[in-house]
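Taken together, the values in this text are just the output of simple stated rules run on the coordinates, not laboratory data. Treat the numbers as computed from the prediction; the structure is a model and nothing was measured. Using ideal geometry, Cβ is built from the backbone for each residue, glycine included, and neighbour counts are taken over all protein chains shown.
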Amino acid sequence: MHDLSMTQALSIWSDLEAAYYGKNSFGGDTAEIYIYEAMPYDPTVASLVGVLHESERARSIAGESYDQANASLCSLFTHFSRTHEARIEVEDRELGDWLRTARYMHRVHVKVVPR
């Protein structure tokens, strides 16, 4: 699994904290997280972004990178949830291991509610 860089993790963490306090610029208690924010730069994947929705082959080639990004986000969201005693929903679904294999390729809406 890809480990997020410090910059990536802090950027996403900041969005989660803003949502936790109801002050996220996207939607108060909801953050909009783009999947590429959790990915290392890969020229092959970058070249396929425009055709991902049109080509099964492109999705297959880029799939591992997106799977790693989804897994990294799941780990970060889970850690945030535990350290802040928060309930997190991703795309209106309670956070769980399902996110590791969800293969989101564009963005997710993440709702953060203090317990």
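List of remarks:
- Database remark: amide H of Gly22 closer than 5 angstrom to no amide H (H placed geometrically; neighbours at sequence offset of 5 or more, or on other chains; Pro and chain starts carry no H).
- Label-to-label distance for Ser14 and Ser60 is 4.0 nm, based on points extended 7 Å past Cα in the beta-carbon direction.
- Charge tally in the Cβ shell below 13 Å around Arg59, where Lys, Arg are +1 and Asp, Glu are -1, Arg59 excluded: -2
- Summing Lys and Arg as +1 and Asp and Glu as -1 over all other residues whose Cβ lies under 15 Å from the Cβ of Val45 gives a net charge of -1.
- Structural size metrics of the stretch 6-114, computed from C-alpha coordinates, are Rg and Dmax of 14.1, 41 Å.
- Karplus 3J(HN,Hα) series, Hz, for the stretch 38-46 with 6.51 cos²θ - 1.76 cosθ + 1.60 (x for Gly, Pro): 10, 10, x, 5, 9, x, 5, 5, 4
- Taking Cα atoms only, the orientation of helix 6-20 departs from the longest principal axis of the chain by about 50 degrees.
- Amide H contacts of Ala31 (H built 1.01 Å from N, under 5 Å, at least 5 apart or other chain): Val110, Lys111, Val112
- Crossing angle, helix 56-84 versus the chain [Cα axis fit, 0-90 degrees, rounded to tens]: 10
- Simple spin-label estimate for Arg87 and His53 in nanometres, 7 Å along Cα-Cβ: 3.2
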